[in-house]
Amino acid sequence: MAVKNWLISKEIHEFREFVKHSRKIWSSKRKDLVKEHNLEKSLGIETAGEYHPLDDTSRHKDMKYYGPTGYGFLEQLRDSLKMTPEDVFVDFGAGKGRVVCFFAGERIKKLVGVEMDPVMLEAARQNIDRLKVKNSPIELVPCDAAAYDVGEGTVFFFYYPFEYKTFNQVLQNIRKSLAVHPRTVRIVYVCCPQRERWILGMQRDWLEKELDGYFLIYRSIAPARP
């Protein structure tokens, strides 16, 4: 009987701890949702929610679904990047335009959203039109990421928009562009699977790691030969 009572008491304790932990998680998520709602309202945009494309028309058939980057992360990234008026920020898989709209509050040369899904392009256009704070111009490019001309970009942003085949192709396009247009570029990768981290790590002849964590930042070390 004593053992049985001890087991029951242990189960009750574990259940209470589970409930307490769940409440903490929900409270944190609720705060994040409230913060997201308030930021969206202040910016005049609507970028929340997931979107799963019905058809993958990308060159390598490896596009991913849309899920917006958290504003808390974007604030950390903004502080880490410290962009200048000479920077051109390129968001691959721009979706509804949250990232380019957020960074439009900075004073940089230009923001580019590369997106090929027509539904997402229209949503991004509407958000850019409604955007209340626009200190930098925004351009939307309806294009497969693998075919985009990366020549003017200095900061390239990836929030797991596609699988490794397209990612590797874009990296090689950036690498080749440095021989034609020598410049320092930075590559930001978020929520990276191991293979994408491995691909970045293999680019040691032209990239060096600047920051490692939930998001990776790599910086070019020298113009590379094509």
Residue that is closer than 22 Å to Val100 by Cβ, over 16 Å from the mean Cα position of the chain (by Cα) and modelled with pLDDT of 80 or more, where the choices are Pro68, Pro53 = Pro53
request  = Restricting attention to the stretch 56-69, report how many residues are farther than 19 Å from Glu196 by Cβ and surrounded by fewer than 17 Cβ atoms within 10 Å (Cβ to Cβ).
outcome  = 1
ask   = Within the stretch 144-155, can you find the residues that are exposed (fewer than 14 other Cβ atoms within 10 Å of the Cβ) and either modelled with pLDDT under 95 or more than 20 Å from Pro118 (Cα to Cα) (or both)?
value = Glu152
inquiry  = I'm checking my understanding of the structure. Among residues of the stretch 187-215 that are charged (D, E, K, R) and assigned to a strand (DSSP E or B), which one is nearest to Glu75 (Cα to Cα)?
reply    = Glu210
message = Val100 - would you say it is farther than 21 Å from Leu77 by Cβ, in a helix (DSSP H, G or I), out of contact with any Cys (no Cβ under 8 Å at 6 or more places or on another chain) and in contact (Cβ under 8 Å) with a residue 24 or more places away in the chain?
response = no
key: Whichever residue in the stretch 87-134 is of a type in the set (Gly, Ala, Ser) and within 13 Å of the chain's Cα centre (by Cα) and, among such residues, is farthest from Tyr65 (Cα to Cα)   = Gly113
Exclusive hit being free of Cβ contacts under 8 Å to residues at least 60 places away in the same chain and in contact with a Leu (Cβ under 7 Å, 6 or more places away or on another chain), set Tyr148, Tyr218 = Tyr218
message = Within the stretch 34-42, does at least one residue satisfy the condition of being surrounded by 13 or more Cβ atoms within 10 Å (Cβ to Cβ) and in a loop (DSSP other than H, G, I, E, B)?
response = no
key: Counted residues, the stretch 25-50 - those being farther than 18 Å from Leu131 by Cβ and at pLDDT below 85   = 11
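The values are calculated or read from the model by the stated rules, or taken from the named source; none is laboratory data. All values reported here derive from a predicted model rather than from experimental measurement. Cβ atoms come from the backbone with ideal geometry, glycine included; neighbour counts cover every protein chain shown.
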